[in-house]
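Each value in this text was obtained by applying a stated rule to the coordinates, not by laboratory testing. If you're wondering where the values come from, they're calculated on a predicted model, not measured in any experiment. Using ideal geometry, Cβ is built from the backbone for each residue, glycine included, and neighbour counts are taken over all protein chains shown.
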Amino acid sequence: MAKRVQLVLNQDVMKLGKSGDLVEVAPGYARNYLLPKNIAVHATAGILKQVERRRELERQRQEELKQQAIGQKAILEKAASFSIAKQVGEGEAIFGTVTTQDVADAIQAATNQEVDRRGITIPDISKLGTYTAEIKLHSEVTAQVEIKVVPS
């Protein structure tokens, strides 16, 4: 039985690992696929040190992004609520619906903070009233804002 080879991945490989991971693979897989295509390199002390340094830099970058998201959350929650004007029909029903883009535009206009509309979760809004929207600013930071739908 042949021994396993330790490699450090340069790219993400499905069902094997992410970039920078130390993996053990069969020698043939390493020799015939991973090494010739520059997907992985042999694990040496120097390369392991580089990988550790990259991980630390990435961790610091993620922490910085989290701190920015916490600051943005404070600004959004300080603003309390945002108004969105919609045309109204019978029984306070609005024409169309309130979209995540409408919410992002209202936040941009009120606080000058840019929010990615894909991170906004809103309930189904079809009438005038006050609703709560959830905004995911970071994987660990979520803000709750109040959306007031008013007639235009």
I'd like the full set of residues that are surrounded by 14 or more Cβ atoms within 10 Å (Cβ to Cβ) and closer than 22 Å to S139 by Cβ, limited to the stretch 4-50. G17, S19, G20, D21
Hey, can you tell me all the residues within the stretch 124-138 that are in contact (Cβ under 8 Å) with a residue 40 or more places away in the chain and within 19 Å of the chain's Cα centre (by Cα)? I135, L137, H138
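Conditions (1) assigned to a loop (DSSP other than H, G, I, E, B); (2) loosely packed, with under 11 Cβ neighbours inside 10 Å, marked per residue:
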residue	(1), (2)
L76	no, no
F82	no, no
T97	yes, no
V103	no, no
V115	yes, no
R118	no, yes
E134	no, no
V150	no, no
